[in-house]
1. A:S241: buried (at least 21 other Cβ atoms within 10 Å of the Cβ) and among the small types (G, A, S), yes or no?
2. Any idea how many residues of the range A:144-161 are more than 14 Å from every other protein chain (Cβ to nearest Cβ) and of a type in the set (G, A, S)?
3. Yes or no: the range A:446-457 includes at least one residue that is within 14 Å of another protein chain (Cβ to nearest Cβ) and charged (D, E, K, R).
4. Quick test for you: out of A:A429, A:A375, A:A407, pick the one residue that is at pLDDT 90 or above and closer than 30 Å to A:K475 by Cβ.
5. State yes or no: is A:T300 closer than 26 Å to A:D354 by Cα and among the hydroxyl-bearing types (S, T, Y)?
6. Could you give me the residue pairs with C-beta distances under 8 Å whose first residue belongs to the range B:39-58 and is closer than 18 Å to B:A26 by Cβ, whose second residue is in a helix (DSSP H, G or I) wherever it lies, and which are 6+ apart or on separate chains?
7. If I ask for residues that are within 20 Å of A:I298 (Cα to Cα), in contact with a Pro (Cβ under 7 Å, 6 or more places away or on another chain) and in a loop (DSSP other than H, G, I, E, B), which ones from the range A:351-376 would you list?
8. Out of everything in the range A:186-239 that is of a type in the set (S, T, N, Q) and assigned to a loop (DSSP other than H, G, I, E, B), what residue ends up being nearest to the other protein chains (Cβ to nearest Cβ)?
Amino acid sequence: MATLLPPPKRQKSNYAKSLEKPKEPEPEIAIPSIVVQFKSSEDGSNLGPAINLPADTGRDALQMLVNKLRGETEDPLPYAFHLLPKLPSTSTTPQSSRVQINNSIQLDALKVSGTTFSPEDVFELWCEPQAVFRVRSVGRCSATLTGHSSPILCCAHSPTGKYAATGSGDATARIWDMDTETPKWTLTGHKGWVLCVEWDSREKILATGGHDGQVRLWTPATGQPFGQPLLGHTKWITSLSFEPLHLMSSKSTSPRLATASKDGTVRIWNTSTRTLDFVLTGHAASVNVVRWGGENVIYTGSSDRTVKVWSGVDGKLIRTLNEHAHWVNTMALSTDFILRTGPYDHTGKLPKDDEEAKSIALARYKHLTSTHPEALITGSDDHTLFLWPDQASSSFSSTATPKKPLARLTGHQKQVNHVAFSPDGRMIASAGFDNAVKIWEGKTGKFIASLRGHVAAVYRVAWSADSRMLVSASKDTTLKLWNLKTYKIRIDLPGHTDEVYCVDFVADKVVSGGRDKSVKM
Amino acid sequence: MDEHRKRHGRRMDYEEKKRKRTAREAHKASADAQKIFGHKAKLQHAKRHAEKVQMKKTLKAHDERNVKQKDDGAVKEGALPTYLLDREGQKDAKALSTAVKDRRKDRAAKYSVPLPKVRGIAEEEMFKVIKTGKHKGKSWKRMVNKATFVGEGFTRKPVKLERFIRPMGLRMTKANVTHPELKTTFQLPILGVKKNPQSPLYTSLGVLTKGTIVEVNVSELGMVTTGGKVVWSKYAQITNNPENDGCINSVLLV
């Protein structure tokens with residue numbers, strides 16, 4: 001006999017349902033009361049005495065408490081909290097070294113199994129002030145701008161955020177207006193691919209370096225070249241860096257420019273007279289990256305596995321840092337963002353003249369370096385990064401010798417392609433060919449988290465101005481926006497049809513360009 | 001001539017005469033060109049024309065050399081950002097390895113047969129040792145245990161000197177050949193053994209085991225080449241063990 005399906009179950013009528021006893025509410029777990037000690041993450045000092053709190057105090061309430069303790073009730077600063085778990089001695093799996101408190105200690109620390117917290121410890125809550133302004137989250141591609149006839153190799157946003165410049169393999173650079181999302185100028189003149197593009201901090205000059213070894217200067221306001229090209233390098237330009245605004249002497253009208261090239265030299269040019277000031281020779285192989293630091297010190301990283309520190313005044317070699325085992329690919333300074341944006345900050349105020357611009361830039365720089373001295377991080381093909389202490393001569397009193405690195409950041413399984421400090425200098429993001437973006441602590445170099453999600457090599461990484469968001473561009477044609485509270489993907493930004501070579505984060509817009517010859521905003 | 005030159009050297013005025021002769025050549029050539037007639041003239045004029053064309057080309061090339069032309073500015077293809085510039089080696093290596101693998105596959109595919117691998121056969125299984133001599137002490141003769149093909153017009157070597165004995169009972173002349181696409185089987189005479197995968201010795205002996213490639217006479221099938229000629233022999237691979245079955249089953253290699 002064939003098996004028959006059982007007849008469908010009879011649904012209970014409403015009357016029958018009402019006869020059931022109402023479900024008892026879940027037994028209330030008594031919320032323990034815990035002792036919390038607020039600690040400032042800048043210097044480790046205690047912000048006030050230890051306080052007895054119920055464990056389900058929300059994040060806003062904690063924030064209010066910290067502000068009250070610091071006496072800043074007039075302009076309260078937003079804070080991010082995290083706990084450092086005591087690792088059991090037999091732990092073999094490397095965990096992220098901090099537990100972020102997003103909702104309340106009850107939900108994030110006590111209830112989560114696998115952590116070693118109990119309501120009887122004194123919780124040391126580390127507080128990090130965050131930027132007062134919030135950058136709006138990027139959601140969708142608002143414009144796709146074509147015009148380049150060749151893959152786009154580099155992009156940079158102007159210090160105010162009004163323009164973006166892109167350089168491409170068709171030997172032109174284009175300036176795009178970010179507000180109207182339209183092209184503004186096309187800068188032709190290079191004879192080879194335009195490999196790097198940099199704005200000066202007053203938005204008066206744009207410098208482009210090409211595969212032909214020439215450096216050309218342009219005025220972004222008119223789109224015209226600013227004099228003859230700067231010749232002198234024998235091979236292609238790998239990197240450009242402008243002198244910070246606050247270091248400019250009062251005599252010169254425009255900042256000096258440092259250009260690094262594959263021929264192993266770095267040339268410092270005076271942009272107003274377009275002459276060569278001096279040449280930094282000494283590297284035995286291609287200089288991959290150059291940065292002009294805020295203490296008038298020039299850092300160069302090269303394929304001969306060394307990083308050299310030079311004086312910006314006369315070009316003398318100060319120091320050589322010899323720790324890497326393979327090419328030094330990329331370099332970042334904790335003051336990068338401040339130096340690049342100069343006098344422009346989130347308030348949108350425009351300085352009246354050069355003098356005021358210089359003083360604002362100096363004030364911003366001093367404000368950042370008062371708590372963290374300028375630190376340098378270098379990433380290399382040997383899968384590691386090195387965090388170096390302040391190299392300027394004024395810090396010789398510190399106990400650590402400037403020649404020894406503060407930390408060696410290991411963890412990448414393939415070459416490290418790009419590294420970037422967050423604008424507040426607190427975190428470091430590194431992108432590698434092993435499809436991962438890793439976040440490290442900015443001061444000590446300790447590993448925080450690994451952001452996985454890309455399926456091919458990650459090429460570039462960019463921070464938002466408030467250090468809350470991170471965008472990464474990869475060979476798998478996508479850009480990913482990361483949520484730094486949960487260390488997972490916040491938004492995927494697909495749309496490019498080919499590898500994305502460069503990305504930059506402006507106010508609330510992300511500019512990206514890649515091999516598919518289109519610029520997306 | 002060379003010997004004379006070696007022994008006696010040249011005339012005293014040899015260089016002078018040579019120089020003058022070469023100087024005169026242009027004039028002589030032009031005088032000749034104007035005076036000769038007949039088919040000699042035709043040959044001379046053709047030769048001269050070719051020379052003139054060549055000369056004009058070289059002159060033009062020299063002219064271009066002196067003129068400084070603006071470069072087209074041909075920008076190379078394949079633009080890469082700075083961090084990828086020196087890494088082209090990596091991409092190339094991958095491309096090279098895949099290219100090598102593809103080429104290997106292609107080469108293998110040319111000789112792809114239905115049975116790429118066959119079981120190895122030990123010598124004891126293949127040969128039976130025959131003891132000869134008055135007291136059966138010598139054991140240098142071997143008798144083949146497997147089916148063999150000997151071909152028409154086969155005559156045994158002098159029996160005393162024969163090392164391998166191929167018994168008449170195990171000699172086969174026809175094979176059942178299956179056409180893989182038509183799925184039909186024909187009985188076709190064997191023309192020869194092309195290759196025995198076990199060893200070249202077996203190939204020369206004509207031993208037929210599983211996996212042997214044999215040449216069969218396919219004129220019966222009536223296949224024709226694109227040129228219109230009749231195909232009368234093709235290769236086939238043996239798919240059974242003929243010594244067990246008593247017949248040869250094979251697949252035609254089209």
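The values are calculated or read from the model by the stated rules, or taken from the named source; none is laboratory data. What you see is a predicted model; the values in this text were computed from it and never measured. Note that we place each Cβ from the backbone using ideal geometry, even for glycine, and neighbour counts take in every protein chain shown.
1. Values: buried (at least 21 other Cβ atoms within 10 Å of the Cβ): yes; among the small types (G, A, S): yes.
Yes: the conditions hold for A:S241.
2. Going through the range A:144-161, the residues more than 14 Å from every other protein chain (Cβ to nearest Cβ) turn out to be A:144-147, A:157-161.
Pick out the ones that are also of a type in the set (G, A, S) and you get A:147, A:158, A:161.
Within the range A:144-161, residues that are more than 14 Å from every other protein chain (Cβ to nearest Cβ) and of a type in the set (G, A, S) number 3.
3. Within the range A:446-457, not a single residue is within 14 Å of another protein chain (Cβ to nearest Cβ) and charged (D, E, K, R).
4. Working: A:A375 fails: at pLDDT 90 or above; A:A407 fails: at pLDDT 90 or above.
Testing whether each residue is at pLDDT 90 or above and closer than 30 Å to A:K475 by Cβ leaves just A:A429.
5. Values: closer than 26 Å to A:D354 by Cα: no; among the hydroxyl-bearing types (S, T, Y): yes.
Here the answer is no, as A:T300 does not meet what is asked.
6. Short answer, once both residue conditions are applied: B:Q44/B:D32; B:Q44/B:A33; B:H45/B:A33; B:R48/B:A29; B:R48/B:A33.
7. Once the filter is applied, which keeps residues that are within 20 Å of A:I298 (Cα to Cα), in contact with a Pro (Cβ under 7 Å, 6 or more places away or on another chain) and in a loop (DSSP other than H, G, I, E, B), the range A:351-376 yields only A:A375.
8. Step one: filter the range A:186-239 for residues of a type in the set (S, T, N, Q), giving A:186, A:188, A:201, A:208, A:214, A:219, A:222, A:224, A:228, A:234, A:238-239.
From what's left, assigned to a loop (DSSP other than H, G, I, E, B): A:201, A:214, A:222, A:228, A:234.
Working: A:S201: 22, A:Q214: 13, A:T222: 24, A:Q228: 17, A:T234: 15 Å.
The qualifying residue nearest to the other protein chains (Cβ to nearest Cβ) is A:Q214.
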